[in-house]
1. Return the only residue of A:Leu44, A:Leu22 being open to solvent by less than 40 Å² (accessible area, probe 1.4 Å), farther than 22 Å from B:Ala310 by Cβ, at the interface with chain B (Cβ under 8 Å from one of its Cβ atoms) and aliphatic (A, V, I, L, M).
2. Condition check: modelled with pLDDT of 95 or more and either crowded, with 20+ Cβ neighbours inside 10 Å or within 26 Å of B:Gly5 (Cα to Cα) (or both). Does B:Ala236 satisfy that?
3. Within the range B:317-326, restricting attention to residues that are free of Cβ contacts under 8 Å to residues at least 12 places away in the same chain and open to solvent by 20 Å² or more (accessible area, probe 1.4 Å), which residue is nearest to the other protein chains (Cβ to nearest Cβ)?
4. Please enumerate the residues belonging to the range B:107-127 that are of a type in the set (A, V, I, L, M) and either open to solvent by less than 10 Å² (accessible area, probe 1.4 Å) or within 22 Å of B:Thr228 (Cα to Cα) (or both).
5. Could you tell me which numbered condition A:Ala49 fails, if it satisfies all but one of (1) under 13 Å from the mean Cα position of the chain (by Cα); (2) within 7 Å of chain B (Cβ to nearest Cβ); (3) open to solvent by less than 40 Å² (accessible area, probe 1.4 Å)?
6. Across the range B:96-112, what is the total count of residues that are part of a helix (DSSP H, G or I) and either under 20 Å from the mean Cα position of the chain (by Cα) or basic (Lys, Arg) (or both)?
7. Quickly run through the range A:1-19 and pick out the residues that are in contact with a helix residue (DSSP H, G or I) (Cβ under 8 Å, 6 or more places away or on another chain), within 14 Å of B:Leu300 (Cβ to Cβ) and more than 8 Å from chain B (Cβ to nearest Cβ).
8. So, in the range B:276-311, how many residues would count as being more than 7 Å from chain A (Cβ to nearest Cβ), open to solvent by 40 Å² or more (accessible area, probe 1.4 Å) and in contact (Cβ under 8 Å) with a residue 40 or more places away in the chain?
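The values are calculated or read from the model by the stated rules, or taken from the named source; none is laboratory data. Predicted model only: the values in this text are computed from it and were never measured. Note that each Cβ is placed from the backbone with ideal geometry, even for glycine, and that neighbours are counted across all protein chains shown. Heads up: the accessible areas ignore ligands, DNA and RNA and are worked out on the full protein's heavy atoms, side chains in. Shrake-Rupley method; radii C 1.70, N 1.55, O 1.52, S 1.80 Å.
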Amino acid sequence: MTHMWLLYLVLAPVIVLQAAWLLYAKKYRDTAVFLAISLSGFALWGSVAYGRPIILNAWIGRIIEAAKSLVSF
Amino acid sequence: MISRGQFYFLTVNFTLGTTLFVTINNMIEEAGPDAWMMPLWAGLGGMLAALLWIALLRCAPGRSPVEIARDAWGPIAGLIVGILYLLVFCTIAAWVLRNLSDFMNVTIMPKTPPTIFHIMFLLVGAYAVAQGSETVGRMNAVITPFLFFPFWLSLALAAEEWKWERLEPAFRDPWAFFQYPSLLAFPFLEAFALTMFWPKVRPGAAGALVSGIASAAVSLSLVLFMVTGLLGPERAARINFPIYTIVQEVSIGRVLVIIHSVLTVTLITLIFVKLLVLLYAAFETIDRLFRPTVRWPHLLALAILISAGARTVYENPVQNRLLIDRYLLIYDGFYSVLIPALLLVTIWIRRSLAGRARKG
């Protein structure tokens, strides 16, 4: 689990530096898109580092079950 | 622009991609000696779905499905559909990477952390995608012969173990596909990602897409036929990676004894092609939605997201298989059949209303 924490901590400066460069270059739309995607990834990495990963296909299953119960009332 | 031939090879390699790893033993377990018929039925379904995508893409030449959604349903609904497609492409890419690291950890590199495979493949893939669709198409066309011949030669070398009795009783359950329809979703409906290449393909892409899916279905059927004939349905259904096991047992004299490493390289390259198409589709979705002025930061963001997804896409292979059986057809059918069908109906209704207004 330690290497997961290391990776997680390495990611933070990568994201911050990249976003800072985009802001410095006045590419505001690019900054917003970059932050939206990379922070989603960062959150997923966070769940891995904390030892409670968000299992994506289990979530897909839950969403489909919820949609099924909505459709069938 | 990429040629029809390049698009055809891209379709075949994308469709075969992880399928040769993941579903072979499941199909044989479901259908026994008749497993080779399942990809043919699924391929037929995939070709029908491809005709739907072609009908949609022909309504708006030069536009990708993301742009067509924005044109048909307006900017907000179009943005939602675009983000949905972005998430879908990222999820499938994460799935592909996880399948790859599972294979590598089980077979030849058990001590390498899965994340190392994920990050390395993503970095190389991002570099290729940053060069554009032509690079992706050309690279795939160049490597295809180096995948095709070693793969079939490796399987042919194992043919001395062949027994026709293993394929008996034949035609006992030719409809087994209909009890295991998730094979239609994975890999054939996933080929929807290739529609993101559509605006970059020279005229005649429709034939390349449909014939590519058909060729992949026939290839998969042949592979299943050979695996069943070489291992027998009982043994093949119990092994995680039957093709690898077949070739692992082959040796030519005392010199060539590790032919399975050739097969490993072939399979890894096929997976890389699939990842490349999905990464391109995800990046192209961002490009069409937000018109970014730079490429690398967004590819970096995608790499962060997909590498995290690859760690968390499923808990273990058993849970993965259960969820694939139960939900994959609904999941893939939603974005690759329902949304394109609704878009097509919207476009037809709009055109007929506009035609009536002109006449009135």
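1. Working: A:Leu44 fails: farther than 22 Å from B:Ala310 by Cβ.
The conditions single out A:Leu22.
2. Details: modelled with pLDDT of 95 or more: no; either crowded, with 20+ Cβ neighbours inside 10 Å or within 26 Å of B:Gly5 (Cα to Cα) (or both): yes.
Answer is no for this residue.
3. Here is the first cut: in the range B:317-326, the ones free of Cβ contacts under 8 Å to residues at least 12 places away in the same chain are B:318-320, B:322-323, B:326.
Subset that is open to solvent by 20 Å² or more (accessible area, probe 1.4 Å): B:318-319, B:322-323, B:326.
Values: B:Val318: 12, B:Gln319: 8, B:Leu322: 9, B:Leu323: 5, B:Arg326: 7 Å.
Ranking the qualifying residues of the range B:317-326, first place goes to B:Leu323.
4. Restricting attention to the range B:107-127, the residues satisfying the condition of being of a type in the set (A, V, I, L, M) are B:108-109, B:116, B:119-120, B:122-124, B:126.
Listed by number, the residues that qualify are B:Leu122, B:Ala126.
5. Against the list (1) under 13 Å from the mean Cα position of the chain (by Cα); (2) within 7 Å of chain B (Cβ to nearest Cβ); (3) open to solvent by less than 40 Å² (accessible area, probe 1.4 Å), A:Ala49 comes up short only on (2).
6. Within the range B:96-112, the first condition is being part of a helix (DSSP H, G or I), and the residues that meet it are B:96-106.
Next, from what is left, pick out any that are either under 20 Å from the mean Cα position of the chain (by Cα) or basic (Lys, Arg) (or both): B:96-104.
Number of matching residues: 9.
7. Within the range A:1-19, A:Ala12, A:Ala19 qualify.
8. 2
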